[in-house]
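The values are calculated or read from the model by the stated rules, or taken from the named source; none is laboratory data. The shown structure was predicted, so the numbers you read here are calculated from the model rather than taken from an experiment. We place every Cβ from the backbone using ideal geometry, glycine too, and count neighbours over all the protein chains shown.
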Amino acid sequence: MALPSINPTTTKSWNNLQKHFNEISGLHMKDLFAEDKDRANKFTIKWEDFYVDFSKNRITEETFKHLLELADEVKLKDAIKSQFSGEIINETEGRAVLHTALRAPKDADFKVDGVNVMPEIYAVKEKIEAFTNKVVNGEQKGFTGKSFTDVVNIGIGGSDLGPAMVVDSLQFYKNHLTTHFVSNVDGDHVNEVIKKLNPETTLFVIVSKTFTTQETLSNANTIKEWFLKSASEEAIAKHFVAVSTNIKNVKSFGIDENNIFPMWDWVGGRFSLWSAVGLTISLAVGYSNYESLLKGANKMDEHFKNEDFKSNIPVVLALLTIWYNNFFKAESEAVIPYSQYLNQFATYLQQGIMESNGKSVDRNGHPIKYQTGTIIWGEPGTNSQHAFFQLIHQGTKLIPADFIGFVSSLHGNQDHQDKLMSNFLAQTEALLNGKTETEVIAEGATGNLTPFKVFQGNKPTNTIFINKLTPESLGELIAMYEHKIFVQGIIWNIFSYDQFGVELGKQLANKILQEFNNSTTNAHDSSTQNLLNYYKQFK
């Protein structure tokens, strides 16, 4: 077996953590800070341009010691080594998990089935670079000889969420090309995008590993029909490229074989933006910025692979999630970036985290009797402060939160940045301290109003401070969460890299679709049958 398979609840450290939790769960972080003036320094990690303060958590040095022991007991070190050495750790699908190879330097050695995959990775990267430069420079032209002005990425899941999030996050670095993303099979979505396009100057990137994904192919064919109202079949080769492994289907669509960018089965969809799936990113921000994104991710890979667990950012963040999820029974985590550029970041992490670790069967195939996976949600501050923060501050649920902030703004408006960062720092302080009844009364509250203004505080947060939002620091940040996912999966004893849970709905949808279009009748529950009949009467 490539990965250890240890039920975490049977370990000595888990038992110690449970006893310890029973002893300290009622402690207030305010008291912990008062007792230890050096607490913030003890629970802070400084690495590259990251400053990660995890001192505002409901932990003591003993908690941290037991969590680190848990990482050792489940053989996390061995698991990390297995991943980076190309072992088949996605055992249910018989695949290695090597998205880390996609951002490694050229002289690295990543083997799949005994063969170093770095030469083929770099061959694809060179193809991406050459194609990007031709399009951006105007050398590559459309069927009427005009340079491209727009790029449309057609994909879904990891073929959409990753590129869309990165392009949105790196808007500051974008070139003259306007980028669009079509994902939902909702026809209103694709038609709203088409309305904005000129067929003569639009390049389409179809991203589908199998080139059979229903949503992606439906959208691609709709766009193709629209395109052919203005152009000939031969023009498809100039305007459509594909990221896929299914060369036969891609060629049948009309795409030139030279415009097919390959993928590999050892790269999972939700980790695929580092592969040719990132072609749209490269087109949007230029290849050098895309290369910087990869470089940042590789730096985090090296940190994760080599750093001691006590100062290893992804490991520490994952252990804190275990602490809240499995001992405090907290079911969700908020991700709050204080940058509007990261507007899609929480949405991206939802797939990465919830699709990976939403599992109820362990690596031995046995049902799990402890909580796995966390619900991820969030949006940028300060908008979120005027939306759901009320629930975090005064609600009945414990919601640990990651606060992500950047020291420097990109456009250099210091007045705005100071106001943004004052909120960034104030919110974690408020969540820590709360407001006592004495403080509320001192502010002038009287009588029955007093309890409504009291804040309990003691709400845990991690503060991830980064010097500046650059392609490189974004790469580091994304890779940090990828490795956090991996660590959680190892501790929970689950396979993080399959997603069989998404298949059942697809299978049933195909059966129902047949019923829409012909007289086929399948067995359904009475609710589904009534709903199906209701829809069919309007067709």
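Name the residues in region 78-95 that are under 22 Å from LYS299 (Cβ atoms) and either touching a residue at least 24 places away in the same chain (Cβ under 8 Å) or within 22 Å of the chain's Cα centre (by Cα) (or both), would you?
ALA79, ILE80, SER82, GLN83, PHE84, SER85, GLY86
Could you tell me whether region 383-393 includes any residue that is surrounded by fewer than 15 Cβ atoms within 10 Å (Cβ to Cβ) and either within 22 Å of GLY157 (Cα to Cα) or touching a Lys or Arg at 6+ places or on another chain (Cβ under 8 Å) (or both)?
Yes, some residue in region 383-393 is surrounded by fewer than 15 Cβ atoms within 10 Å (Cβ to Cβ) and either within 22 Å of GLY157 (Cα to Cα) or touching a Lys or Arg at 6+ places or on another chain (Cβ under 8 Å) (or both).
Can you tell me which residues in region 99-118 are outside any helix (DSSP H, G or I), closer than 17 Å to LEU294 by Cβ, touching a Phe, Trp or Tyr at 6+ places or on another chain (Cβ under 7 Å) and not aliphatic (A, V, I, L, M)?
LYS106
Do we have any residue at all in region 151-173 that's assigned to a loop (DSSP other than H, G, I, E, B), at pLDDT 95 or above and either farther than 25 Å from SER208 by Cβ or out of contact with any helix residue (DSSP H, G or I) (no Cβ under 6 Å at 6 or more places or on another chain) (or both)?
no
Here is a check on your reading of the model: is SER252 surrounded by fewer than 21 Cβ atoms within 10 Å (Cβ to Cβ) and at pLDDT 95 or above?
Answer is no for this residue.
Here are some conditions: (1) out of contact with any Ser or Thr (no Cβ under 7 Å at 6 or more places or on another chain); (2) over 19 Å from TYR341 (Cβ atoms); (3) not hydroxyl-bearing (Ser, Thr, Tyr). ASP150 meets all but one. Which one does it not meet?
Going through the list (1) out of contact with any Ser or Thr (no Cβ under 7 Å at 6 or more places or on another chain); (2) over 19 Å from TYR341 (Cβ atoms); (3) not hydroxyl-bearing (Ser, Thr, Tyr), ASP150 breaks only (1).
Step by step: first the residues of region 119-157, then only those that are small (Gly, Ala, Ser) and out of contact with any Phe, Trp or Tyr (no Cβ under 7 Å at 6 or more places or on another chain), then the one that is surrounded by the most Cβ atoms within 10 Å (Cβ to Cβ). Which residue is that?
The residue in question is GLY155.
Is at least one residue of region 184-199 touching a helix residue (DSSP H, G or I) at 6+ places or on another chain (Cβ under 8 Å), modelled with pLDDT of 95 or more and within 22 Å of VAL285 (Cβ to Cβ)?
Within region 184-199 (the criterion being touching a helix residue (DSSP H, G or I) at 6+ places or on another chain (Cβ under 8 Å), modelled with pLDDT of 95 or more and within 22 Å of VAL285 (Cβ to Cβ)), the answer is no, since none of the residues qualifies.
Among the residues of region 405-413, is there at least one that is modelled with pLDDT of 95 or more, assigned to a helix (DSSP H, G or I) and under 31 Å from the mean Cα position of the chain (by Cα)?
Checked against the condition, which is being modelled with pLDDT of 95 or more, assigned to a helix (DSSP H, G or I) and under 31 Å from the mean Cα position of the chain (by Cα), region 405-413 yields no hits at all.
Closer than 30 Å to PHE309 by Cα and within 22 Å of the chain's Cα centre (by Cα): which single residue out of ALA108, ALA101 fits that description?
The match here is ALA101.
I want to confirm something. Restricting to region 126-140 and keeping residues that are without any contact (Cβ under 8 Å) to a residue 24 or more places away in the chain and assigned to a helix (DSSP H, G or I), which single residue is nearest to the chain's Cα centre (by Cα)?
The qualifying residue nearest to the chain's Cα centre (by Cα) is GLU126.
Does at least one position in region 307-314 carry a residue that is within 30 Å of ASP150 (Cβ to Cβ) and aromatic (Phe, Trp, Tyr)?
No, because not a single residue in region 307-314 is within 30 Å of ASP150 (Cβ to Cβ) and aromatic (Phe, Trp, Tyr).
How many of the residues making up region 332-378 are aromatic (Phe, Trp, Tyr), more than 28 Å from LEU410 (Cα to Cα) and buried (at least 17 other Cβ atoms within 10 Å of the Cβ)?
0
Residue-by-condition table, conditions (1) free of Cβ contacts under 8 Å to residues at least 40 places away in the same chain; (2) within 25 Å of the chain's Cα centre (by Cα); (3) more than 28 Å from ARG270 (Cα to Cα):
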position	(1), (2), (3)
GLY187	yes, no, no
LYS195	yes, no, yes
GLU200	no, no, yes
ILE206	no, yes, no
THR212	yes, yes, no
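Restricting attention to region 330-350, report how many residues are closer than 18 Å to ASN462 by Cβ, in contact (Cβ under 8 Å) with a residue 60 or more places away in the chain and touching a Phe, Trp or Tyr at 6+ places or on another chain (Cβ under 8 Å).
Qualifying residue count for the region: 10.
Filter region 174-185 for residues that are more than 18 Å from ASN221 (Cα to Cα) and not in a loop (DSSP other than H, G, I, E, B); which is nearest to the chain's Cα centre (by Cα)?
For region 174-185, the residue satisfying everything is THR179.
Scan PHE452, PHE406, PHE500, PHE486 and give me the residue that is more than 30 Å from ASN90 (Cα to Cα), touching a residue at least 40 places away in the same chain (Cβ under 8 Å) and of a type in the set (Phe, Trp, Tyr).
It is PHE406.
Which condition number in (1) more than 20 Å from the chain's Cα centre (by Cα); (2) over 29 Å from ILE399 (Cα atoms); (3) buried (at least 18 other Cβ atoms within 10 Å of the Cβ) is the one that ILE281 fails?
Here ILE281 clears every test but (1).
Might you let me know whether region 104-112 holds any residue that is assigned by TED's automatic domain parsing to the domain that holds ALA284, small (Gly, Ala, Ser), farther than 26 Å from SER252 by Cβ and in contact (Cβ under 8 Å) with a residue 24 or more places away in the chain?
Scanning region 104-112 turns up at least one residue that is assigned by TED's automatic domain parsing to the domain that holds ALA284, small (Gly, Ala, Ser), farther than 26 Å from SER252 by Cβ and in contact (Cβ under 8 Å) with a residue 24 or more places away in the chain.
Among GLY457, GLY434, GLY405, which is the only one that is of a type in the set (Gly, Ala, Ser), in contact with a Lys or Arg (Cβ under 7 Å, 6 or more places away or on another chain) and surrounded by 15 or more Cβ atoms within 10 Å (Cβ to Cβ)?
None of the other options fit; the residue is GLY457.
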